[in-house]
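Visitor: Supplied in C-alpha cells, the structure appears directly below.
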Amino acid sequence: MGSKKKSVAPGWSEAEARDVLESWSNSGETGAAYARAIGVVPQRLFYWRRRLERARDEAPTFVPVVVASKVGAACAPITVVIGAARIEIAEASGATAAWVATLLGVGS
C-alpha cells in the first residue's frame, strides 16, 4: 500500500470525521481497506457517513421573504413548527397558499 496512513484517535469530533471521510473518498479504497489502514473498524466510517448525511438532510433551508405592509390590515399570525424550528409570522395578511407552500418547501 505504499504510504502509511496516520492512525486516528478514538472518539472523533464532527470536523475530524469529515476530514477522515474526505480522505477515504479521495483514497479510492473500500471502507474496510481504508479503516484497516487507519486502525479503526469499518463501522466507524459508515456510522459517521450516515450521521453526517442525516444532519445535512435535516438542516433547515431558507427561502427569500418579501415583506409588504398594508396599513390597517389585520390577520391572525401564522406559526410553523418543523422539528425544533419554530417560525412565527406576526403580520401575514398578504400570505397566499403559494407563499406558504414556498416557505415550507412544499412542491419545490
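Visitor: Output wanted: per-residue J couplings in Hz (rounded whole) for the range 100-105, from phi through Karplus 6.51 cos²θ - 1.76 cosθ + 1.60, θ = phi - 60°, x for Gly and Pro.
Guide: 5, 4, 5, 4, 8, x
Visitor: Per-residue counts of other Cβ atoms within 10 Å, averaged by peptide: what ranking do you get for 17-28, 47-58, highest first? List each step's numbers first, then the result.
Guide: On the way: 17-28: 14.1, 47-58: 11.5.
Per-residue Cβ counts within 10 Å, averaged per peptide and sorted highest first, yield 17-28, 47-58.
Visitor: Residue by residue, what Karplus-based ³J(HN,Hα) values in Hz, rounded to whole numbers, does the range 46-53 have, using 6.51, -1.76 and 1.60 with θ = phi - 60° and x for Gly and Pro?
Guide: Once rounded to whole Hz, the list reads 5, 4, 5, 4, 5, 4, 6, 5.
Any read-out appearing in this document is the output of simple, stated calculations on the displayed coordinates, not a laboratory observation. In this text the structure is predicted, and so the values were computed from the model without any measurement. All Cβ positions, even for glycine, are placed from backbone atoms using ideal geometry, and neighbour counts span all protein chains on display.
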